[in-house]
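A short worksheet on the structure shown next.
The values are calculated or read from the model by the stated rules, or taken from the named source; none is laboratory data. Quick caveat: nothing in here was measured; it's all calculated off a predicted structure. So basically every Cβ, Gly included, is an ideal-geometry build from the backbone, and we count neighbours across all protein chains shown.
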Amino acid sequence: MIDRLIAALSQEVEMSAEEIADTIWLALQMPESQSESTATPELNNDLPIAPIKPLEPEISQQLPQNASDAGVGSDNKQFEKPKAGIYPRNQGQNLVGSELSFKVPDAPSLREPLTLARALKPLMRRIPSGTTLVLDEAATTQRIADEGLWLPVLRPTLEPWLDLELVVDEGISMQIWRHTIRELERLLKNYGIFRDVRVWGLIADENERVQIRRGIGAAAKNQTPRSPKELIDPSGRRLVLVVSDCVSSLWRNGKVTATLELWAKQGSLAIVQMLPKWLWKRTALGRASEVRLQGLNPGEFNQKLIAKEVSLWDELEETRGVKVPVFTLEADKVATWAQMLSGKGSIWTSGYLFKLDPPPVSQGRELLNLDYGQLNAEQRVQAFRVTASPMARKLAGLLAAAPVISLPVVRLIQEALLKESQQVHVAEVFLGGLLKPLSEINAETNPNYVRYEFINGVRELLVDSVPSGYVLNVVDEVSKYVAKKAGLSLEDFAAVLRNPQQVRDSEVSRDVGYLATVTAQVLRRLGGEYAKFADLLETKFKLLSDEGIDYTRLSDLLAAEKWKEADEETARVMIQASGHEERDWLDEVDMQRFPSKDLQTIDELWFKYSNGRFGFSVQKQIWLSVGGQPRYYDAEIYNKFGEHVGWYIKDKNEWLKWSEHTFSLDAPQGHLPRYLPSQNKRIRYYLFSRNDLKNKLDNFTLQVNKVSESVTNNEILEKTSSVTHNQQLLDKISNQNNMLKNKHDDNSIRIIGDRGAGKTTFMAALASLSQRNSDIPFQVFPQNIESQRLLSDAENILKQGLPLPQTYVDVLVDLPFCSFKILLKPSLVIQPLSAIRGENIEMNVSLQEYPGELFEDLRNHRQDSRLYDEYLDDCATVSKLLFLIDGNTRNDRGYTESFISLSKEIVQRLDNKKERLSQYRIAVVISKYEEPLLWNHRHKVQELMALKFPNTKNYFQRWSQSWKCKIAYFACSSFGVMGKPPRPNFTFVRTDERGTIGVLDNPAEWKPFGLLAPIYWLHTGRNDPRLQQ
C-alpha cells in the first residue's frame, strides 16, 4: 500500500523523495480528528459548459513552423474528466465594458506550501494535554508484572502546543488576496501545526469600533460581531495572526492599535503583511517604529519581547507602544519569526512598535497615494520599472503576453513559468499603476471573478521588452490549460481557433474568441510568421456575431477587392442582423439598436481590407470633421459630408446613383460602404452617433471646418497642474533614463565577485556611511532611484542580514545601477588648492554590481548561461573594474580561473587593442577585514594576497604587464571593528547559498573600513592612505 502511495505521489503529483517523506511525516503528526472548520465555503470554479459539437477535421491554415505547438498537437484522446467552464459567470455581477469574466480552474497561490510548512516546524511542539488521557500500555504491563494489579495506567496524550486565531482584515483592498488567504488557512489546518485553527474577520461597526466575526467574506456577513477580548486565553497557548495590508480606515485612524495591545499583552501576536516591504512605509506601518524583536522563552508574550531599534533616529518608548512582529509569506521571513517565537534566543525578527496614541491620518488621504492618473503609458511603465523588484518586472512582462488577466491566470503563469515568484511580487504588479479592473470591486466581490486589463499602451511596451521565447511560452501554457479545462484536445482547440464557425452556437466559441483576439495582438509584436498567424486569428474571430451571423463571405469578398459585391453583402447581413429579412429595409431605430459586435465586425473588415480608406468609422470621422453633431440632422452638413466622400456633386446639386459609385481603392476616402437600404430616409447619421463606432484613424488630416482651433487658458492651466502633481515621479523617471544613457561614461564602475564576497553589503555600507557618521571627512549622496532604494534597504542588510532581490536578471537594463555624488571635505587634504580654498572635492560615480552567478560561469566556462555574453559585452565597454575577493576563503584556484576567463573574454571583445586595454584600472579589494587574522594585515594587503591567494596575485601581475594597465590592492570591511583589543562588529546569523550571513553587533559603534579608497583610486588614479583609515 505504501509503495503505491509513493508511486502515485511521485508520478501524479511530481513530488521529490524529500517532499514525499515530509508529507508522510506530517500526516503522522496530525491529530486523528480535525477541528470543525468555520471557513466560508469556497466557490467552485469548475462550472459546466455547453457540449461542443464534433469538429470537422479539415484545417485550411497552419501555424508557423516555429510557433507554439499548442495549435498543432496530434493528441485526439478525449478527456474523461468533467468539462469545466473557462468563463464561469459571476452571478449577480455585470462587468463594465465586457460580458466576459475569464476564469480558469486555479493554480496554487502560495508558491511553495511545503517550504512554508517546513518554515513553521519550530512551532510543531507537542505537550501533554490537560484534558485527554490515553492508555500507557508499557506502564500498565509493568504494573501488572510488579504489583499483580490489573489496573490501567493512564497518561496525558500529546497535543500541539498552540491554538491559532487567524484574523483577516476585511478591508476592500484585501479582496485581491482572498484566494491566498484561503490557501494559507488550509495549510495551517491540514499540516497539524496547531491544536485548533479558527478564522475571524476584522471589521468595524457603525461607530468605527474594532470588532471580529467568525469567518470572512459574504458568507460571514450574517455572523454576530464579537469583542476582540474573546481571543484572550489565560493559558498563554493562543497565537493571533492578523493578515492585513494595513491600509484600511481601522489602520489609518489608529483604532486598531488598542486591539493589538489587548492581544499582545496576554498572548502572542504577529502581523502577516500582504505587501512587499518597500511599500510598508506607505501604509500605517509608516507611522510606527521599525524594530528587531527577540524572545528568550517559547511563546513569549509580545510585550515581554526584547526590542532593538533599527533606525538610530527612533527613540523607543516600549512602555507606550505595542511590539508586533511583522513578516510576509516568504519562507525565510516565516522561518525567522517561527524560530523567534519558539524561544531560540539568538534569533531576531522584524517587527514594529505601534504608538498607543498615534495622530490619526486624514480620511481623505490615501496611504497608497501614488497618483498615476496623469501619466501616459510610457511614463507608467518607466515608473513601475524604477520602483519594482526584478521579479515583479519579470512577472509584469509575462502577464503582458497573457491573452487575459485575472488572479487565476496570474497564478497559472506563476506555477508554469515563474515558480520562484511570490505573493509579494503579485502585489507589486497590481499596485504598480499598470492594470485596471474591468468591474467594480466591493466587499461582496469574489476576486477570482474580476478580470483586469492593462492601461492602453502598456501591454505593447511590456511585450516589446520580453524575449520572444517567453512570450510564446505564456501563450502556449495558457492555451494548453484552457483547452484541457474546456474538455478539448489540443488539436480540437486549434480547430476552434482557426474556424470558430464550426461551434458558433457554443458559448466556448465566443469566449475563446476573446482569448484569440488578444493572443493575436501579442503575437503581432513578434513580427514575421507570427504576425501572419496573428492576422489569421484576428480575422477569424472578428467575424463573430452577437446574432450568429456568418461574415465569412463578406470577408472573402473584401479580401478579393470585390468592392461592389461586398457593398451588397454588407446591406444583406445588416438586414439579417437587425432581424428584418421579410421587410428588407432599415430605419433609424435599427441604426440605434444595431448589435454592437456586428457593427464593429463589419466596420473592421472594411477598414482592414481597404488599408484604412473605407468603413463606417472612417465616414463618421469625416462627418464629425465637417461639423456633424450626434443625433442631429443638418442638410447642409450632410451635403458637405457627401461631397467629401464622393457621393454628392455640389455644382449639379445631385447625389450619385448606386451604380455610378467608384468601386475601387481609387475612390475618395470614406466612399464605401454605400448601400444602406431604407425608405428614402437619411438614417446613416444615426449610425454615426454610436459610441461603439470608434475612430481608427490616428492622423486624420481631412479638415474643412476646424471644429476646435485651440484649448483655452483654463485647460492649459489644468493640464499644467496635473503635470505638476506628478512632477516628482516624472523627475525620477527622467533621472533613471539619464543614468541608462550614461551608464558607460568615465564614472562607471563594475563590481565583480563571487556570491559570498559581500558586494551588496559593500554598496549598502558605502551608501549609508555618511548618513550615520558625521565625523568622517566625506559625504555620500544618492543620485537616482536605485541608489535611494539601496540607502533605504541598508538598515535591513547591515542590521538584519536581509538580502536584496536577486541581481541576476533576464535583461541587462534591469540590473540595478546606483549613482552617487561623493564630497570629500577640505579636512581631507588630498588636493591642496581645494583645501586652501575650503572647497569640497566632488566625485560623481556610478556603481553596478554584477551577480555572483557570472563569476561562477567564468570559473566553470559556462558560456551558454542566460546573460553571459551580454554581461561581458558590457564589461568591455567600461574601463574601471572593482574585484571583490572574500578574505575568509582560500579559493585561490577558483579566483585565478575566473579572472583568467574574464581577461580573455575582454581581450577577445576588444580585438586585443593595446591602447584600449591600457586604459583599464582594476581595483582588487579583499573584503571582510574585520576578522582578527586579516585585521592585522590591513596595511599590508599585497603581502596578504601573496600568502592567501598566491596564484591569483601572480596572474594579476601578468595581467598588468600584458595590458600595461594599472592594478592596485585594497582592504575593506563593511562591518568594521569595535573595542580594545579590536574585535569584529559582526554577529553570525546563518549560512545559506550566499555564504555567511551576519549583522552589526553594535550599530552605535559602526565604523567600516576602507570603503572609499578603491572608489577614489578608480575615479582619480591617485591613492591616499588616509582613505584606508
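What the table below lists for this structure:
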read-out	value
Candidates Glu165, Glu137 - the one that is assigned by TED's automatic domain parsing to the domain that holds Gly299, at pLDDT 90 or above and not hydrophobic (A, V, I, L, M, F, W, C)	Glu165
Matching helices (runs of 4 or more DSSP H) fully within the range 661-768 where at least 1 residues are modelled with pLDDT of 50 or more	684-688
Unmet criterion (only one of (1) surrounded by fewer than 20 Cβ atoms within 10 Å (Cβ to Cβ); (2) closer than 30 Å to Ser918 by Cα) for Val989	(2)
Gln339 vs. criteria more than 30 Å from Arg111 (Cα to Cα) and not in a loop (DSSP other than H, G, I, E, B)	no
Test: Ala264 is closer than 19 Å to Val210 by Cα, in the same structural domain as Val197 (by TED's automatic domain parsing) and either of a type in the set (D, E, K, R) or more than 29 Å from the chain's Cα centre (by Cα) (or both)	yes
Any hit, the range 150-170, residues being within 22 Å of Pro408 (Cβ to Cβ) and not basic (Lys, Arg)	yes
From the options Leu293, Leu341, residue that is farther than 22 Å from Ala794 by Cα, surrounded by 17 or more Cβ atoms within 10 Å (Cβ to Cβ), at pLDDT 90 or above and not β-branched (Val, Ile, Thr)	Leu341
Looking only at the range 868-897, and only at residues there that are among the hydroxyl-bearing types (Ser, Thr, Tyr) and within 15 Å of Leu858 (Cα to Cα), the one that is farthest from the chain's Cα centre (by Cα)	Thr896
Any chance Thr807 is modelled with pLDDT under 75, surrounded by 19 or more Cβ atoms within 10 Å (Cβ to Cβ), of a type in the set (Ser, Thr, Tyr) and within 24 Å of the chain's Cα centre (by Cα)	yes
Residue among Val322, Val310 that is more than 22 Å from the chain's Cα centre (by Cα), under 15 Å from Gly286 (Cα atoms) and either at pLDDT below 85 or hydroxyl-bearing (Ser, Thr, Tyr) (or both)	Val310
The listed residue being touching a residue at least 12 places away in the same chain (Cβ under 8 Å) and within 17 Å of Ile683 (Cα to Cα), out of Asp634, Asp590	Asp590
Residues that are in contact with a Pro (Cβ under 8 Å, 6 or more places away or on another chain) and more than 20 Å from Arg393 (Cβ to Cβ), drawn from the range 421-459	Ile441, Asn448, Tyr449, Val450, Arg451
Restricting the range 251-261 to residues that are in a helix (DSSP H, G or I), modelled with pLDDT of 85 or more and not hydrophobic (A, V, I, L, M, F, W, C), the residue that is farthest from Leu431 (Cα to Cα)	Glu261
Residue within the range 242-250 that is in a helix (DSSP H, G or I), within 27 Å of Gln423 (Cβ to Cβ) and either without any contact (Cβ under 8 Å) to a residue 40 or more places away in the chain or not basic (Lys, Arg) (or both) present	yes
In the range 221-241, residue modelled with the lowest pLDDT [restricted to those that are outside any strand (DSSP E or B) and of a type in the set (D, E, K, R)]	Lys221
Some residue of the range 455-477 being of a type in the set (A, V, I, L, M, F, W, C), closer than 27 Å to Glu870 by Cβ, assigned to a loop (DSSP other than H, G, I, E, B) and in contact with a Gly (Cβ under 8 Å, 6 or more places away or on another chain)	yes
Residue in the range 886-902 that is β-branched (Val, Ile, Thr), part of a helix (DSSP H, G or I) and touching a residue at least 40 places away in the same chain (Cβ under 8 Å) present	yes
Hits in the range 209-220 - residues which are more than 15 Å from Leu166 (Cβ to Cβ) and modelled with pLDDT of 80 or more	Arg209, Val210, Gln211
Boolean, Ser927 is over 25 Å from Phe1009 (Cβ atoms) and surrounded by 18 or more Cβ atoms within 10 Å (Cβ to Cβ)	no
